[in-house]
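J.: Mind looking over this structure? Questions follow.
The values are calculated or read from the model by the stated rules, or taken from the named source; none is laboratory data. Note that the coordinates shown come from a computational prediction; the quantities given were computed from them, not determined experimentally. We place every Cβ from the backbone using ideal geometry, glycine too, and count neighbours over all the protein chains shown. Quick note on the areas: whole protein, heavy atoms, side chains included, nothing else; ligands and nucleic acids left out. Shrake-Rupley method; radii C 1.70, N 1.55, O 1.52, S 1.80 Å.
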Amino acid sequence: MSTERVLVLGADAAGMSAAHQALRTAKQAGKAIEVVALEKTEHTSYSACGIPYWVSGEVDSSDELIARGPERHRAMGVDLITGALATGIDASAGTVTYRKDGSEQRIGYDQLVIATGASPIIPDWARRVDGALVGGVAPCKTLVDGEQWVQLLVAAAAAGAGAAPRVVVTGGGYIGVEMAEAARARGLEVTLLTRSAVMSSLDPDMSARVEKDLAEAGVHVAGNAEVVGLEVDDRGWVTSVSSSDGNEHRCDLLVLATGVRPVSDFGPDAGLEVGEWGGFLAAPDGSVAPGIWAAGDCCEVRHRLTGQWTFSPLGTHANKQGRVVGTNVVAPGTRAFNGVLGTAITRYVHGDAHLEISRTGLSTSEAQRAGLEIASMVTEGRTASGYMTEAAPAAVKVFANPATRALLGAQIVGGRAAAKRIDTVAAALWSGATIDHLAEADLAYAPPFATVWEIVQLAARRLADSL
Ligand SMILES: Cc1cc2nc3c(=O)[nH]c(=O)nc-3n(C[C@H](O)[C@H](O)[C@H](O)COP(=O)(O)OP(=O)(O)OC[C@H]3O[C@@H](n4cnc5c(N)ncnc54)[C@H](O)[C@@H]3O)c2cc1C
């Protein structure tokens, strides 16, 4: 019997989790498999999540962000082909075409794992007539982007002996906030320009807290405004941004943090269904068609609370989905990816300013869109007993269904050690807890770590009492 070939497209979080899990599962099962991976770049298995902290200077070098380079993967048994762009799938023949070194090649598979991730959305206004990006304008998605941002910010800071160099960050999601932190750390003035509110996945009152804290920390926040055009100098370099509210924002650099979309363009031609966001709609076992699997940012995912598809491109999901797929390609039906809760966390830190932000579950508008009744309450407190130096402010908004008392989510905006408390709520939500369960649970207390009624639990108790 010939050795089965598992072919993986994309060699980052999801793809390489799947590749190594397949090898491990096959070894445990005493089965011989060959794992081949095609990766269009020369980089593998790096922490994109760490790029803003490399750009800021907090992380010294990109080497620290690379978990496993190509040689390490090869040494561990993956036949990795870098510089290989997959261009099409022939599902009936069981082959993939790819371009490498200018020539088109074809490779067969028994099991195919698609893990091509997501690519940044580049608005038309960011491009010159020849299609290239305007000078000083770039996304922050890959290690190559990160390297470029380190160089651009260092050069801008060095050149800015007179007027402070300025960067406009477009997009108020977590990457926008993290790049704002990075640019401030490099000594630039920052305008955060965003179509709706900063961190708009929070309820408006919680976003407003974020905007207020960012403004107090020196970030110029321009909310509810879209970019309508760029001014460039005679070198083709960005000099200012005009926004839909009629304002002009002078700048030397512009970060594109306007979101990503799944890389799934070859899917429909191969008969693979994609959803509203363009992502593959994988079953809980990761399969999208017989012998074809998908994992990571190229997929949409099921929200556990609504059952609806959503797009939640996060490394935490990509790694878990990769593990599920890597197991199931060898031992079908063994593992499942059981959806997401929309849990996310970020921070903005500069000088004395320390702002943490997190969320899980449904916001008010998400619940309403899903036709669910939702009640909420904001509780303000502290992260440690007031007499301890560690104590930082925290605002916790908790959500529950007033009819069933089911816990629906939480959002936290606060200082040091505030945001990661969201995991208490996420774990409760995962287990289907009510607001009363969260209010009653046995959580840890000592003065340096929490108040005696821990802030998340206090928020749950107050909401429970009000229902
Ligand atoms: C700046 C930044 C900060 C982030 N911070 C966080 C965070 O704090 N927490 C969190 O959970 N997530 C974070 N993320 C998201 C996280 O990095 C992604 O969700 C994760 O990398 C997704 O992994 P993936 O393997 O699905 O896709 P990707 O990492 O995008 O990898 C896909 C791979 O496929 C390759 N590829 C694409 N098309 C082809 C093709 N046709 N042929 C061959 N190869 C191809 C790509 O080159 C790439 O190497 C962050 C992302 C960024 C950019």
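J.: Suppose each label sits 7 Å from its Cα in the direction of the beta carbon; what would the Arg24-Trp237 distance come out to in nanometres?
T.: Between Arg24 and Trp237, the simple spin-label model gives 4.8 nm.
J.: So, one more: As a check on your grasp of the helix formula, calculate [θ] at 222 nm for the chain: sum -39500 (n - 2.57) over DSSP H runs of n ≥ 4, divide by the residue count, round to the nearest 500.
T.: When only DSSP H runs of four or more count, the value is -7500 deg cm²/dmol.
J.: Of all the accessible heavy-atom surface of region 25-77, with the other protein chains kept in place and a 1.4 Å probe, what percent is carbon and sulfur?
T.: Values: 1390 of 2870 Å².
That share works out to 48 percent.
J.: Using label points projected 7 Å from each Cα along Cα→Cβ, tell me how many nm separate Asp423 and Arg72, to one decimal.
T.: Reported label-point gap for Asp423 and Arg72 is 2.2 nm.
J.: Please report, in debye to the nearest 20, how large the charge dipole of region 108-177 is about its Cα centre when each Lys and Arg carries +1 at its beta carbon and each Asp and Glu carries -1 there.
T.: Here the size comes out at about 280 debye.
J.: Shifting gears a bit: Which residues in region 342-364 place their backbone N less than 15 Å from a point set 7 Å from the Cα of Thr316 along the Cα-to-Cβ direction?
T.: Within reach of a label on Thr316, which here means backbone N under 15 Å from a point 7 Å along Cα→Cβ, region 342-364 contributes 342-347, 357-363.
J.: FRET efficiency for Asp124 and Trp430, Cβ-Cβ distance as r, R0 = 45 Å, nearest 0.05? Present the calculation step by step, with values, prior to reporting the outcome.
T.: Details: r = 41 Å, r/R0 = 0.90.
The calculated FRET efficiency here is 0.65.
J.: Consider just the alpha-carbon atoms of region 239-334 and return their Rg together with their Dmax, both in angstrom.
T.: 18.1, 59
J.: Sticking with this structure for a sec: If you place +1 on the Cβ of every Lys and Arg, -1 on the Cβ of every Asp and Glu, and leave all else neutral, what size is the dipole of the chain about its Cα centre, to the nearest 20 Debye? Show your work: numbers first, answer last.
T.: Working: 39 positive and 53 negative charges, 191 e Å.
In debye, rounded to 20, the chain gives about 920.
J.: Let me ask you something else. Debye calculation, C-alpha points only, no solvent: report log10 I(q)/I(0) for the chain at q = 0.06 Å⁻¹, in the same order as the q values.
T.: -0.29
J.: Measure off 7 Å from each Cα along the Cα-to-Cβ vector at Asp442 and Ala32, then give the distance between these two points in nanometres to one decimal.
T.: 5.3
J.: Sticking with this one: If you count, for each residue, the other Cβ atoms within 10 Å and average over each peptide, how do 204-210, 322-328 line up from highest to lowest? Mind dumping the intermediate values first?
T.: On the way: 204-210: 19.1, 322-328: 27.0.
Those peptides, ordered most packed to least, come out 322-328, 204-210.
J.: Pop out the carbon and sulfur fraction of the accessible area of region 124-258 as a percent, whole number, probe 1.4 Å. Don't jump to the answer; show the numbers that get you there.
T.: Numbers: 2870 of 5750 Å².
Here carbon and sulfur together make up 50 percent of the probe-accessible area.
J.: Roughly speaking, to the nearest percent, how much of region 344-466's 1.4 Å accessible area is carbon and sulfur? Please report the intermediate quantities before stating the final value.
T.: On the way: 2950 of 5430 Å².
About 54 percent, which is the carbon plus sulfur part of the accessible surface.
J.: Out of Leu256, Ala183, Trp453, whose Cα points farthest toward the positive end of the dipole of the chain (charges: +1 Lys, Arg; -1 Asp, Glu; placed on Cβ)?
T.: Trp453
J.: Let me ask you something else. So for each of 289-298, 457-466 I average, over its residues, the number of other beta carbons within 10 Å; can you give me the resulting order with the highest mean first? Before the final figure, lay out each step's value.
T.: Values: 289-298: 24.9, 457-466: 21.0.
With the highest mean Cβ count within 10 Å placed first, the list reads 289-298, 457-466.
J.: Here is a further query. Write down the Kirkwood hydrodynamic radius of region 124-258, to one decimal in angstroms, obtained as one divided by the mean of 1/r over all alpha carbon pairs.
T.: Working: mean 1/r = 0.0671 Å⁻¹.
Kirkwood radius, region 124-258: 14.9 Å.
J.: If you take the Cα Rg of region 342-467 and divide it by 2.2 N^0.38 Å, with N the number of residues, what do you get? Walk me through the numbers before you get to the answer.
T.: Numbers: Rg = 14.1 Å, N = 126, 2.2 N^0.38 = 13.8 Å.
So the Cα radius of gyration is 1.02 times the expected 2.2 N^0.38 Å.
J.: Which one of Val219, Ala164, Leu152 is farthest out on the positive end of the charge dipole of region 124-258, using unit charges on Cβ (Lys, Arg +1; Asp, Glu -1) and the Cα centre as origin?
T.: In region 124-258, that residue is Leu152.
J.: With every protein chain left in place, what is the accessible area per residue of the chain in square angstrom, probe 1.4 Å? Don't skip to the end; give the middle numbers.
T.: On the way: 20400 Å² over 467 residues.
Using a 1.4 Å probe on heavy atoms only, each residue of the chain averages 44 Å².
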